[in-house]
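Chemist: Have a look at this one.
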Amino acid sequence: MHYEGNIIRPPSEANSILLQVTVGCSRNKCTFCGTYMGERFRIKPDSIIMEDIDFAARYCRRQHRVFLCDGDALIIPQKRLMHILDKIREKLPWVSRVGAYANAKSLKMKTDRELAQLRENGLGILYMGLETGDDVTLKAIDKGAGARTMIDMGRKARAAGMKLSLTVLLGIAGPERSEIHARETGRVISAIDPEYVGALSLILIPGTPLHADWEAGRFRLLEPMEMLAELRTMIAHTDMSRGLFHANHASNYLPIKARMPKDKQRVLELIDQALEGRISLKPEWMRAL
């Protein structure tokens, strides 16, 4: 496989064939993210991508899913992306699902029909970084879209028949807007009603604008109990018709996994026990991105 730069994938794609079709992220402006600092976004040549599909056809026959790396494969023009999916279906017929990251910009660039075509050609799940449903915080972290656009684009993906996994970020609003961030994020999640939600806890990355704000005293990182209280408020304001709400990423202080809506009350009670000191939180040295 021809890998360049940082290769990232969702935790749920750990056992997937990682096919890198782009290098970097098409946005690469979020103030908290250091994954692609200094990396110029580009789509890899079709010849390299086809070589990697051929490699997977020979050596990856035990893996039944493909994840298209890196930051935003959905930005690839429709004809080229359909060609990649065609080749995956042709050369890797045992693969049952293809996944990719997406953002509001790339979803907006695809028509409803184009998304449906991608779904028909095997693109079964999209992972979108919502981070927050609070418009003030979305602007502060330079996410490039407001809450209304996030809702519309999330619904657009779901209407095309794709599964959708949203990522939200605990602590991203700081202490001043923590309550608003939690409530508004729950509201936006509820409006999109995705199949999956993954909550991560903010870890500051040296070299990012948000880390610089922290060093200068312009941003305060929430304490563990404040992060947990924020998670509780977020879940309390989240209503999903069905789906999984995870907070079991390595960055989280209290791992939880809830099938919504039936586990909602159980998880709220679990968080309350932790807030009361009856359940221990993960120590700082065990947290990671």
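Chemist: State the extension gain, in nm to one decimal, for the chain segment bounded by R242 and K91, taking 0.36 nm per residue of separation less the distance between their alpha-carbons.
Modeler: 50.9 nm
Chemist: Helix-derived [θ] at 222 nm for the chain: sum -39500 (n - 2.57) over DSSP H runs of at least 4, divide by residue count, nearest 500?
Modeler: Taken over the chain, the calculation gives -11500 deg cm²/dmol.
Chemist: Let me ask something else. Among the listed pairs K44/K79; K110/K163; K105/K143; K105/K257; K29/K163, which have their C-alpha atoms separated by more than 21 angstrom in this model?
Modeler: Result: K105/K257; K29/K163 exceed 21 Å.
Chemist: Which value, in debye to the nearest 20, gives the size of the charge dipole of the chain about its Cα centre, when Lys and Arg are +1 and Asp and Glu are -1 at the Cβ?
Modeler: Taking the Cα centre of the chain as origin, the dipole is about 920 debye.
Chemist: Would you please give the residues with an amide H less than 5 Å from that of L18, counting only those at least 5 places away or on a separate chain, with H modeled from the backbone geometry?
Modeler: Placed amide hydrogens put F67 under 5 Å from L18.
Chemist: Sorting check: for 78-90, 19-31, which peptide has the highest mean count of neighbouring beta carbons within 10 Å, and how do the rest follow?
Modeler: Most protected by this proxy first, the peptides run 19-31, 78-90.
Chemist: Determine, for V136, V98, the number of other Cβ atoms within 10 Å of each Cβ, and report the residues in order from fewest to most.
Modeler: V136, V98
Chemist: Put a dot 7 Å past each Cα toward the Cβ at K262 and R42; how far apart are the dots in nm?
Modeler: 5.1
Chemist: Using +1 on the beta carbon of Lys and Arg, -1 on that of Asp and Glu, and nothing else charged, what's the dipole of segment 110-255 about the Cα centre, debye to 20? Don't skip to the answer; put the middle values down first.
Modeler: Numbers: 17 positive and 19 negative charges, 93 e Å.
The calculated dipole for segment 110-255 is roughly 440 debye.
Chemist: Now, a different point. Given the Cα-Cα distance of I203 and V136 and 0.36 nm per residue of separation, how much length would full extension add, in nm?
Modeler: 22.1 nm
Chemist: Write down the radius of gyration of segment 1-87 and its Dmax, each obtained from C-alpha positions, in Å.
Modeler: 13.0, 40
Chemist: If we sort 268-275, 114-121 on the protection proxy, mean other Cβ atoms within 10 Å, highest first, what's the order? All intermediate terms of the calculation are to be shown ahead of the outcome.
Modeler: Numbers: 268-275: 15.4, 114-121: 17.9.
So the order, starting with the most tightly packed, is 114-121, 268-275.
Chemist: Rg to Rh for segment 188-289: what is it, with Cα atoms only and Rh by Kirkwood?
Modeler: With Rh from the inverse mean 1/r over Cα pairs, Rg/Rh is 1.00.
Chemist: Let me ask something additional. Compute the acute angle (0 to 90°) between the alpha-carbon long axis of helix 78-91 and the principal axis of greatest extent of the alpha-carbon atoms of the chain; round to the nearest 10°.
Modeler: 70
Chemist: Right, another one. When V168, V95 are ordered from fewest to most other Cβ atoms inside 10 Å of their Cβ, what list results?
Modeler: V95, V168
Chemist: List every residue whose amide H lies under 5 Å from the amide H of G129, counting only residues 5 or more places away in sequence or on a different chain, with H placed 1.01 Å from N in the peptide plane.
Modeler: Here A102, T167 satisfy the definition.
Chemist: Which of S190, N6, L92 sits farthest toward the positive end of the charge dipole of the chain, with +1 on the Cβ of Lys and Arg and -1 on the Cβ of Asp and Glu?
Modeler: So the residue furthest toward the plus end is L92.
Every read-out reported here was derived from the displayed coordinates using simple, explicitly stated rules and does not represent laboratory data. Bear in mind that the values here come from a model prediction, so they are computed numbers and not experimental data. Cβ coordinates were reconstructed from backbone atoms using ideal geometry, including for glycine residues, and neighbour counts include every protein chain displayed.
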